[in-house]
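The values are calculated or read from the model by the stated rules, or taken from the named source; none is laboratory data. Treat the numbers as computed from the prediction; the structure is a model and nothing was measured. Here Cβ is always computed from backbone atoms with ideal geometry, including for glycine, and neighbour counts include all displayed protein chains. Only protein heavy atoms, including side chains, enter the accessible area calculation; ligands, DNA and RNA are left aside. Shrake-Rupley method; radii C 1.70, N 1.55, O 1.52, S 1.80 Å.
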Amino acid sequence: MALGKYSRVDGRRQSSSYCSTLTIVGFVALCLVGVWMMTSSSVVPPQNEELSTQEESKTEVKQEVVPETQSRQFEDNPGDLPEDATKGDGTSRDEANSDAQVNQKSNEQATENNTQENQEEQSGDKKDESIDTSQREDGNYRKEDTQSGGSKEEDGKSKPEDEETKPESGDGNSDGKEGNGDNSDALDSEKKSESEDNSSEAKDGDKADGQIEEKVEENQEQSVTDEKTDAQNKDKNTNEVFPDGNQAEILKEAASQAGSFPTQAAESKKEKEAQQSSGSKGGNANGYSWKVCNTTAGPDYIPCLDNLKAIMKLRSRKHYEHRERHCPEEAPTCLVPLPKGYRKPIEWPTSREKIWYYNVPHTLLAEVKGHQNWVKVSGEYLSFPGGGTQFKHGALHYIDTTQEALPDIAWGKRTRVILDVGCGVASFGGYLFDRGVLAMSFAPKDEHEAQVQFALERGIPAISAVMGSQRLPFPGRVFDLVHCARCRVPWHEEGGKLLLELNRVLRPGGYFVWSATPVYRKDAENAGIWKAMSALTEKMCWKLVTINNDTVDETSSAIFLKPTSNECYEKRPANEPPMCKESDDPNAAWSVPLEACLHKVPVGASERGSNLPELWPVRAEKPPYWLQDSQVGVYGKAAPEDFTADYEHWKRVVSKSYLKGMGIKWSAVRNVMDMRAIYGGFAAALKDLNVWVMNVVSVESADTLPIIYERGLFGIYHDWCESFSTYPRTYDLLHADHIFSKVKKRCNIVAVFAEVDRILRPEGKLIVRDDVETINEVENMAKSLQWEVRMTFSKNNEGLLCVEKSMWRPTEVEKVESAFV
């Protein structure tokens, strides 16, 4: 029929006699058409068909200015919408014309068509008359089907000149028509097409639209009913969250089986229904009324360390009890305010050298310790030259000279996990990363204001803790080395109680590096301390291996070695310090008072501590030698098999989903916490990234923290019904694997989420894996804090949620009574 357009142009150049001939032929054709129209009301004349096409072409030219994405957004399948919604204004005008206008146009078209065209029309008529009787009963649907078929035929014969005038949106309509094709039952064809589309996207043919939820990084609202367009939109959106086909991987993580993904329309519908049922509108909706904490500590509030009411009731502060944890009876549910001028932290490794001043606006350390290169104020920054009291010329120099003095230390190989006591701003631990070493640094919240906060803001692991009256929150025999550089701890006093606590956490064959003035100064006070320390360490069977004299820093450090057998203990002339009772568990560490006693060294071949662990990084992947097949693991398998299965699981999850499928910029992630670590598989899977992971083992869970340390990682015991011993805004990412559902059985989940808000940085991410009920509860709390929901997913009552913390703070204020005297 495209030839008719061009024959019209040539025809106007012929003689009048030729025109007469054509008129006669056209009249005959018109008669035939009239007879046909009288006998059938189910087929639109081809003349109107071409007219509609011409009008459509004009409309398409006008629509060229419409962006492709906008035009495709409103593409619909003729089986769902009237034809005028898919073909533009041309068809509407055609339907609105009077019979006279139709006849006039028909006469004009008749003069333009040749005999061959009439034959094609008659052939098409016969074909149209063969349409199924069930279709004829629906006049609208028949009309849409016929018009679609006619347009398709004409488009197929168009010349290149006409094709150039068609915008890309026309292709979309053409696609919609091709979806119907010439099939006698277009509805069945549409259903079949829908089924094929779903099958190509699903895995194992599972259509669990009602069970699957998935929210993308940018909320989109689309009123699209074309199944093909829905599938395209879904693919586009899900690729932002799950690139490289990670949809199937998420299913494996959540339910250990494959499943299908819903369309964007289904997701939007489910989300709207969920919001309507829960009344979620953001802000303080969902029944949560958040307020800002009013405390004496302000933006630096740590509930269990700033409980002034409890501290004032202490009978003694001799053993630094006032620096220990004293948690309020009820965990606060208010939100800690942001410091004025707070901004997104500087990324690692630049953060090791400088941080934003207004993020941690404290200058006392710069005034007191600036000459020792701890920290200095540099305009809008706080800079850290990398020095310390004992290593004014830099931590790396100090680290390297220590290994030169004792090569067996072997930083990053034999010595992988260390404890730094009284860490200051943790420059020692910060530069040990360059040697492949993880340092658990700690210092009290004392007059050296914000020293641990400085460390964490720099991207260096640290906690607020003190050598006081209770055991440190670590298992026994886990650290490869313990370090103290001018840490101001009276190790020799009270029978060596504090040094004996270090003996508890130091593994047999581990080193204690003591860099302090008693080692190298000869005045009466220092000489007396050195004499007392020498006597104490000898009774503890610690061997003084060497004294490292640093001529550059003009300091010295003594390096002691813990024994690997009980032979020395048995040969001591006196039981002083005494050996601990057999019932004394060296791994018991949560709120346990200190005991001035020595724990025996394990000697059995299958006992933890009887041998040194594998060298790093082998130890991260290999089950510890002391895990036995007879032991049942957390997941019910033999312990070594459990360990391996857990590691393989988290490697798959991290590589397939977390690193690629959540839109997280991992180069901006430094401080990570696994709130329920089990074997540390999540942290081990991240070991090749420039991050460190604080593995938290709940005091209510199986004690697997020794396994985490054995594989060259570190962590801490904690009860999530209480606040964590860290400053606000100190972690970039929190990972919560089935922790909320467990904790809410014992304590207020709102208080737990307030604690999450406290320790997570603005723009920090929270990844939650839990049952669907808990996921929905956490999601509602996150929305009420105006956090961005980046992704949700659920399958078989298991869910996955990723949210991003906002800068929002409420306007109402709540006074925390425990934070005032």
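Kindly evaluate Arg477 against the criterion of being open to solvent by 20 Å² or more (accessible area, probe 1.4 Å) and either out of contact with any His (no Cβ under 7 Å at 6 or more places or on another chain) or assigned to a helix (DSSP H, G or I) (or both). Considered against the rule, which asks whether it is open to solvent by 20 Å² or more (accessible area, probe 1.4 Å) and either out of contact with any His (no Cβ under 7 Å at 6 or more places or on another chain) or assigned to a helix (DSSP H, G or I) (or both), Arg477 comes out as yes.
Here's the yes/no breakdown for (1) within 20 Å of Ile460 (Cα to Cα); (2) polar (S, T, N, Q); (3) at pLDDT 95 or above; (4) surrounded by 18 or more Cβ atoms within 10 Å (Cβ to Cβ):
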{"site": "His371", "(1), (2), (3), (4)": "no, no, no, no"}
{"site": "Val375", "(1), (2), (3), (4)": "yes, no, no, yes"}
{"site": "Glu380", "(1), (2), (3), (4)": "no, no, yes, no"}
{"site": "Phe384", "(1), (2), (3), (4)": "yes, no, no, yes"}
{"site": "Lys392", "(1), (2), (3), (4)": "yes, no, no, yes"}
{"site": "Pro407", "(1), (2), (3), (4)": "no, no, yes, no"}
{"site": "Ala426", "(1), (2), (3), (4)": "yes, no, no, yes"}
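Counting residues in the range 299-308 that are touching a Pro at 6+ places or on another chain (Cβ under 8 Å), surrounded by fewer than 18 Cβ atoms within 10 Å (Cβ to Cβ) and within 23 Å of Ala754 (Cα to Cα) gives zero.
Determine whether Glu582 is at pLDDT below 95, more than 25 Å from Thr402 (Cα to Cα) and among the charged types (D, E, K, R). Answer is yes for this residue. For the range 444-466, the count of residues that are open to solvent by 10 Å² or more (accessible area, probe 1.4 Å), touching a residue at least 40 places away in the same chain (Cβ under 8 Å), within 25 Å of Cys541 (Cβ to Cβ) and in a helix (DSSP H, G or I) is zero. Take Tyr288 and decide whether it is open to solvent by less than 70 Å² (accessible area, probe 1.4 Å) and at pLDDT below 95. Spelling it out, Tyr288 is indeed open to solvent by less than 70 Å² (accessible area, probe 1.4 Å) and at pLDDT below 95.
Checking Tyr569, Tyr520 one by one, the residue that is farther than 27 Å from Gly429 by Cα and among the aromatic types (Phe, Trp, Tyr) is Tyr569 and no other. Flag: Pro640 does not match the condition of being in contact (Cβ under 8 Å) with a residue 12 or more places away in the chain, surrounded by 15 or more Cβ atoms within 10 Å (Cβ to Cβ) and in a loop (DSSP other than H, G, I, E, B).
Scanning the range 502-544 for residues that are of a type outside the set (A, V, I, L, M, F, W, C), surrounded by 21 or more Cβ atoms within 10 Å (Cβ to Cβ) and part of a helix (DSSP H, G or I) gives Asn503, Arg504, Pro518, Thr537.
Of all the numbered requirements in (1) farther than 30 Å from Arg711 by Cβ; (2) touching a strand residue (DSSP E or B) at 6+ places or on another chain (Cβ under 8 Å); (3) part of a loop (DSSP other than H, G, I, E, B), His362 misses one, and that requirement is (2).
For every residue, the table says whether it meets (1) among the β-branched types (Val, Ile, Thr); (2) modelled with pLDDT of 95 or more; (3) open to solvent by 20 Å² or more (accessible area, probe 1.4 Å).
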{"site": "Ala736", "(1), (2), (3)": "no, yes, no"}
{"site": "Cys747", "(1), (2), (3)": "no, yes, yes"}
{"site": "Glu755", "(1), (2), (3)": "no, yes, no"}
{"site": "Ile759", "(1), (2), (3)": "yes, yes, no"}
{"site": "Asp770", "(1), (2), (3)": "no, yes, no"}
{"site": "Trp787", "(1), (2), (3)": "no, yes, no"}
{"site": "Cys802", "(1), (2), (3)": "no, yes, no"}
{"site": "Ser806", "(1), (2), (3)": "no, yes, yes"}
